[in-house]
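**Student:** Below you will find the structure I want to go over with you.
Here, each number is a calculation from the coordinates, and none is a lab measurement. Owing to the predicted nature of the structure, the values given are computational and were not obtained by experimental measurement. Counting neighbours? That spans all protein chains shown, and the Cβs are built from the backbone with ideal geometry, glycine included.
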């Protein structure tokens, strides 16, 4: 199969279940909302080592937000509900409440469950907090130094999908990188999907365990390393490929992840020098769902 | 005392000791280095709720870095050496190693001690890693999917200062906010100092404990809340002040923090509508050092 | 009349006819498209002194562009068709053709007329250019150093509206400024409307002629200057107003300009410290249309 | 000759004389200064079709500016003093005076001559303007709507150099592009040098006249077009090169241009996939100075 003249390998991305939250962060200006959203979703590439997987989903103009101010949708995810609850409390409390002019609203459709994050945070107001009703939402107004921080009482969570992915193989490292940026740009238009790695792009891949160091749970996937393609046996890097980047996607649903993979691959294959698209899996028995590349188009 | 016609209150900032690291993140382009530095320093406003205090210190042009590529200095801090060791391992491993084209070098002068973060990360190479010498530094080259990640073997840490601070009081919320942005811009030129809150600006202030909710360790400092100035007794907000933001500074030394406070206050007081500068303390007996506002000029 | 508790003066904006073009600039990545769009629309605040009025209308994700790459809609305007033709030729030729990976497509609905800008630019190819058909458009592929520049043969122009406007009056300069930024953020979501001044915000206002210097065509409107409110007779600045910024809007139609004014005012009035919204006119007899503030809500 | 393992062709850049101005634009915040600087230097890639060559030179922190606010150095250039005078008047008057919170100071060392741009602009104040002395400079304070615009009375100009340049040839378009970005990043640290094309990068090259269309003064340099390398005779594109971008530099002096070329080439050759560096000239008899690539290292 080819998209824009680029080979799409007949393989699949193996994705996993994850608990997902989606929060709308508004502020006086778009720039202020971006600053808060960026802080709250940092240090959030993968739960392998980060306390959450997190990212900015999309921008929402003032006319479409509950408080008529510009905002960004962010998603914060963790396999464990308990850990997600902790992360929401701290990321909202330490990175949004402390940010200039912000407010935080629940933005998850079809929640499985609600966590009372805002209800807990309201106590920071020490009795000066107030309960408001905005657009049918229960929202707390907490007096802080610079004004009042508004936070919705409950944030929804639901079972979503982590680890949707595809590999972009290019004739040079730079071709693969610019194609990865184009893919991230395209995924930016898909609601309910984030690319949690730095700039949305993953530079490294890992395998379970290690051949040499038995104390490691994971190590570099040498068969996918471009600088080792002539050194290791059975490298998965084609001879003419000199750069590989991966896009990893977390989404509110399998549909959102599939749509993100589709538009991401379509955009990536527009960049000259992209030679092949593949995807990562562990054989298909570990994950929640296997997304076949050929079936998303 | 007045600076640029603005009253500087005769008070002091009470600052605390903290373990500080300083890392130079380089990448193929300035933009790519910024992306990685931002991810690695996110979710790092205050150790009260975040796993570290972290921020971008300054930009370094290609001619001045060990590998001749553009870079950003970042600082990652924690009260505990053990926690800082963990944070360095995860923030470098999950947010820099995974980022496109990055490398990470130690950039702390006068370290008290070295943590072997890069030495530990090299094992990810599963035997394909190599030891290099760059500019007299021991650096490991770890093959990853897109190329090789370079990481210095050891990162220095030292006793630094957290919680340097000052308050900007303005005739409106917006005056105080733009002045706070100006202060952060000025502090950006001070090497060895970061402003870890979102965009460098703090919108909320807290007091120890709570008057109403006994289960709380901290709650809003109602005497410093502009929207409560007519409601609480003994408010610290002058009658004509309608906006307050705080700048919090972490630095490699007391000198760096003082210099940051000095240039930050000078810049803030240039903005029309700024009426007063103050600072936060807990009486002076809790912190490592008390920085008197009147003595830094 | 009040919006969000802020007085909307019972006055009108006097707007003028202008010839408008609208071009979609695509590139390999969103960032590259933004760079080109910014260069091509610079030095374009007002035809009083600039060779055009120009600005970025909105972002278009890859899935919605003719070539499947991210893009920005830009608008370039001039009172004179001949001057607009010149500006299109030079701004496309010098700022888009020369920019990395860009392409330029006509994006004006309901054009009154077509200018053969791309047809003229194709000759730069010196015989190596090719005519393509993309999505039913006649597009020329011009070989340049780094690849091929694609440019649509004809760009539509139509009679649009320049000088839609409103004033934001705040209790401080900063309040008015942050409100102006919020207004620009909101107008960013209105298709077919730009705010051509720097950052979308106008810091100065003028009156026709001069009282003191007879050789001037225009001079500062002293009645609208906040720093002169106690100095000039009959100042239009209310006593409690210390900051005024204007938003000026150019649009493809009166409807687009009205919608932009509406959402801009709604967003501006959300910012604390905004006291009044007004608009600028010359008595109502000079312009093409008078847009009454009270009639757009 | 090789730099970082990349061949540097034994050729020279042919540069031309140009009249150069250098202005410091300050504002309340770094972001506001950037907005104004960007507008004032837009539509300024090459005087072949733009009314000026213009760009941002570097950022200046608050502690180092005459008014203690953050600023950007910009350069505006034209072959003709008369045209440069016009451009300064309009770009300062329409793009800086109109921008929020800005001021404009002369920043050219060793001026050959002074143009009284600020003196002319002060008349806009209609008698309400005032003459100030700031740091020994004669500066006019002109009341505008939002406050007072400060502009220095005279701006220096001097004979500088335009068209310093080098070509970056890469194994893919993307390799050359990322290397070009790295070069621009490096040149950003050289004071007195700008890269006036979009993002600092030039995607197209031209030759004098045209082989096919006799009415053209200039047309694409087909021998330097990567997509024509197999089509034209005597292509200058090596067989393994698939991407070429040019960096064009204007500077206050030959030294500044040489330094910019040096650090730009050093940075570009750090990017994997860059195969060769060359430079553009017209045989050496047209320009003001010929800068040999091998002599700048």
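**Student:** What is the calculated FRET efficiency for residue C:79 to residue B:240, with r their C-beta to C-beta distance and R₀ = 51 Å, to the nearest 0.05?
**Tutor:** Efficiency computed from Cβ-Cβ geometry: 0.60.
**Student:** Please report the residue of chain B with the smallest beta-carbon distance to the B-to-A rotation axis, and give that distance in Å, no decimals.
**Tutor:** B:42, 0
**Student:** For chain D, set up a GNM with springs between Cα atoms under 10 Å and report which of D:226, D:263, D:20 has the largest fluctuation.
**Tutor:** In this elastic network of chain D, the residue with the biggest mean-square fluctuation among D:226, D:263, D:20 is D:226.
**Student:** Just checking the output field for C:257-267: average partner chain Cβ neighbours within 10 Å of each residue's Cβ?
**Tutor:** 2
**Student:** What three numbers, in Å, describe the spread of the alpha carbons of chain A along their principal axes, ordered from the longest?
**Tutor:** For chain A, the Cα extents along the three principal axes come out at 67, 43, 30 Å.
**Student:** Sticking with this structure for a sec: Over the protein assembly as shown, consider all pairs of different Cα atoms and compute the Kirkwood hydrodynamic radius from their mean reciprocal separation; express it in Å, one decimal.
**Tutor:** Value: 30.5 Å, from the Cα pair sum.
**Student:** Report, for residue C:133, each distance to the same residue's label point in the other copies, shortest first and in nm; define the point 7 Å along Cα→Cβ.
**Tutor:** Result, one decimal in nm: 6.1, 6.7, 7.5.
**Student:** For the Cα atoms of chain A, what angle does the longest principal axis make with the long axis of helix A:173-187, in degrees from 0 to 90, nearest 10?
**Tutor:** Taking the Cα atoms of chain A, the angle to A:173-187 is about 40 degrees.
**Student:** Between copies, how far apart are the residue C:110 label points? List them in nm, one decimal, shortest first, with each point 7 Å from Cα toward Cβ, please?
**Tutor:** For residue C:110, the inter-copy label distances come out at 3.8, 5.9, 6.9 nm.
**Student:** So how long is each side of the stretch A:1-61 along the principal axes, counting just the alpha-carbon atoms, biggest first, in Å?
**Tutor:** 48, 30, 17
**Student:** Only helical DSSP H runs with n ≥ 4 go in: add -39500 (n - 2.57) per run for chain C, normalise by residue count and round the 222 nm mean residue ellipticity to 500 deg cm²/dmol. Show your work: numbers first, answer last.
**Tutor:** Values: 5 runs with 56 residues, N = 297.
Value at 222 nm, helices only: -5500 deg cm²/dmol.
**Student:** Given labels modelled 7 Å from the Cα in the Cβ direction, how far is it in nm from residue C:31 to residue A:109?
**Tutor:** It works out to 3.2 nm between the two label points.
**Student:** Also: For helix C:254-268, report the angle its Cα long axis makes with the longest principal axis of the Cα atoms of chain C; keep it between 0 and 90° and round to the nearest 10°.
**Tutor:** Helix C:254-268 and the main axis of chain C meet at about 60 degrees.
**Student:** Under a GNM of chain A (C-alpha, springs under 10 Å), which listed residue has the highest mean-square fluctuation: A:165, A:116, A:285?
**Tutor:** It is A:285.
**Student:** Quick check: the angle from helix C:81-90's long axis to the longest principal axis of chain C, C-alpha only, nearest 10 degrees?
**Tutor:** 60 degrees
**Student:** Turning to a different aspect of this structure: Return the distance in nm (one decimal) between the two label points of a simple spin-label model at residue D:135 and residue D:214, each offset 7 Å from Cα along Cα→Cβ.
**Tutor:** 5.8 nm
**Student:** Then there is this: In whole angstrom, how far apart do the alpha carbon centroids of the stretch D:50-74 and the stretch C:25-47 sit?
**Tutor:** 21 Å
**Student:** Peptide A:146-152: average number of partner chain Cβ atoms within 10 Å per residue?
**Tutor:** 6
**Student:** Would you give the gap between the C-alpha center of the stretch A:77-122 and the C-alpha center of the stretch A:168-206, rounded to a whole Å?
**Tutor:** 27 Å
**Student:** Also, I was wondering about something else. Once the Cα atoms of the stretch C:19-158 are picked out, what are the Rg and Dmax in Å?
**Tutor:** Cα only, the stretch C:19-158: 13.7, 40 Å (Rg, Dmax).
**Student:** Separate question: Shortest first, in nm, what separates the label point of residue C:238 from those of the same position in the other copies (7 Å along Cα→Cβ)?
**Tutor:** Result for residue C:238, in nm, nearest copy first: 2.5, 6.7, 6.9.
**Student:** Using alpha-carbon pairs under 8 Å, 6+ residues apart, how would you state the relative contact order of the stretch D:19-158 in percent? Present the calculation step by step, with values, prior to reporting the outcome.
**Tutor:** Working: 319 pairs, mean separation 38.1, N = 140.
Relative contact order comes out at 27 percent.
**Student:** Need the C-alpha centroid separation for the stretch D:126-166 versus the stretch D:226-243, integer Å.
**Tutor:** 48 Å
**Student:** Report the FRET efficiency, 1/(1 + (r/R0)^6), for residue A:223 and residue B:48, where r is their Cβ-Cβ distance and R0 is 45 Å, rounded to 0.05.
**Tutor:** So the FRET efficiency works out to roughly 0.55.
**Student:** Output the relative contact order of the stretch B:220-263, whole-number percent, from Cα pairs under 8 angstrom with separation of 6+ residues.
**Tutor:** About 26 percent, as a whole number.
**Student:** Considering only DSSP beta bridges whose two residues both sit in the protein assembly as shown, what percent are antiparallel, to the nearest 5?
**Tutor:** Just about 95 percent of them are antiparallel.
**Student:** Top mean-square fluctuation among B:85, B:57, B:109, Gaussian network model of chain B, C-alpha springs under 10 Å?
**Tutor:** So, out of B:85, B:57, B:109, the one fluctuating most is B:109.
**Student:** Label point 7 Å out from residue C:231 along Cα-to-Cβ: which residues of the stretch D:122-158 have amide N under 16 Å?
**Tutor:** D:122-133, D:139-151
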